[in-house]
1. Fully extended, how many nm does the chain gain between residue 213 and residue 376 (0.36 nm per residue separation, minus their Cα-Cα distance)?
2. Any idea of the accessible area per residue across segment 105-160, 1.4 Å probe, to the nearest Å²?
3. Residues with beta-carbon under 12 Å from that of residue 236, excluding residue 236: net charge, scoring Lys, Arg +1 and Asp, Glu -1?
4. Between residue 453 and residue 27, what is the label-point separation in nm under the 7 Å Cα-to-beta-carbon projection?
5. Once the other residues with Cβ under 9 Å from the Cβ of residue 187 are scored (Lys, Arg +1; Asp, Glu -1), what is the net sum?
6. At a probe size of 1.4 Å, how large is the accessible area of residue 119, to the nearest 10 Å²?
7. Please work out how much length the chain gains when fully extended from residue 205 to residue 333, using 0.36 nm per residue of separation minus the C-alpha to C-alpha distance, in nm with one decimal.
8. With a probe of 1.4 Å, find how much accessible area segment 252-370 has per residue, and write the answer as a whole number in Å².
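The values are calculated or read from the model by the stated rules, or taken from the named source; none is laboratory data. Being a predicted model, the structure only gives us computed values, none of them experimental. Cβ placement follows ideal geometry from the backbone for every residue including glycine, while neighbour counts extend to all protein chains displayed. Only protein heavy atoms, including side chains, enter the accessible area calculation; ligands, DNA and RNA are left aside. Shrake-Rupley method; radii C 1.70, N 1.55, O 1.52, S 1.80 Å.
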Amino acid sequence: TIYFHQRWQPTQPATQSLKSTSINMTYRWFQWVGMILAIVFILWVVQQSAVVSYKCISLNDGKTTKASHNAKADSSVPSKADVNNDNNNNNNNDKNHTTSCLVPPLDPSDFASDLEFYKAVHESPFPSCAAGSWVYRPAEERVMLSSAHLQCLDRERQGNCHDPDAWKHTNDTAKLSRHNSLLIQAVRNSPGILNAFDPWVWESLTEPYQVMDRRDLKTYRARLRKIFLTTPPARIFFIGDSLTRQWQHAMKCELEHVVGMDPNSVAERIRYLQMHKGFEKRRLPFRNTTEQDYVVFNFGHHTGNKLGKNWPSKYAKILKEAFRIDYGNIPDQNIFFRTTTVRHFLKDQGDWNTDDSKAGGIAPDATAQWNWYGGNSPEQPKQNLLALDTILGEREPQRSFFGVDFFFKDHQFQVLDTSPMTLSRADSSFDGSHLCLPGPMDFWSRMLYHRMEVNQKKFRRHRRWKH
């Protein structure tokens, strides 16, 4: 007992011990507070470094101006008025104006699936930048457009933006409506579009958004001939509304007047079926298709708000019908869903069915966002996100009652995502809904050509291996 008492007896007076303990506790409290503050500071630094800074550079008379936008929160996204004011101050001349993204597009390898990648592009604050950029390169375009090519394009009822007198020679309501819109400045275009000379070229380092290069015209022609002049011939079945009609017409004109193909041969290879609200099975010509054929379909502008209440569920049902179609011998990798372009009516400033509206722009705008457009009934990006979920989400297997994967969907379609690149081209709007020709639709074609070329190379390798 005496030993225990002596062993554990404090060596210091009680008051001094309590004071020392209090000092130690205070010191440790300050240590913990300092550590917490340090952790908070480190997390803040990491968060700030993770915020993507989107910058667009404008070159005008040798002077460079930069606009940096924080992509972390909606409150930091610039308004349409802010960007328009900046454009009006620095970019009055379309020819001297260059707008490009200083950050590279998103990388598909950073995402677990195609679905996650495409949704990340569409949900980006600046979707066009996330996919690629428009570059001012007039020399490439100048050698391509002949008078015969232009006359071919002018046969499309919605597309001629270069001839202010086109309305005088026709009773077509589309041309008359555009003329009236120009008189009251309800639609605006860039000088290049108004002169049938679009100097802007789409470029991307990201595979799904890459386009076929045509700077070397001879090589470009040879590559297209190799795609279309195959045995059996490669055919493209375009299915959709008036924008699809515009696009296939522009492609026909290019194959005829740039590649030099015979008009009858072009008509045989490019087929258009007008369908607004889904596949009409009785009209589908897929009975005698081959592995060289392609299908590109889109149901968008007539299947959004026009479907009324609960349109998203109705739209998903329409798209799911595509999985029940018999495409003959066309392989899944040759079947593309084209995403729906935004209608370039300025948001809440009228629409196609109102007396007053505002649409278009004066130059490509890499900072363009979905919520700038859509008129009185905006549908993007909601409609395209739903389509991506439906088209790509169908790759998931159906599970049996025992949790084992037995059954899979019949088709695994591809996506031709033309929507982000077109978002930044309000300057090419014909009437708010359609696009001017020539214009961005040329690059829809080049994007498809690139995908077709990749697929055909895979097909030839597979055929050699098979034999």
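1. Full extension from residue 213 to residue 376 adds 54.9 nm.
2. 43
3. Details: positive: 235, 252, 269, 271, 338, 451; negative: 268, 293.
Overall, the nearby charge balance is +4.
4. 7.2
5. Working: positive: 178, 188, 358; negative: 431.
Counting the neighbours of residue 187, the net charge comes to +2.
6. Rounded to the nearest 10, the figure is 50 Å².
7. Full extension of this stretch gives 44.0 nm more.
8. Numbers: 5230 Å² over 119 residues.
Value returned for segment 252-370: 44 Å² of accessible area per residue.
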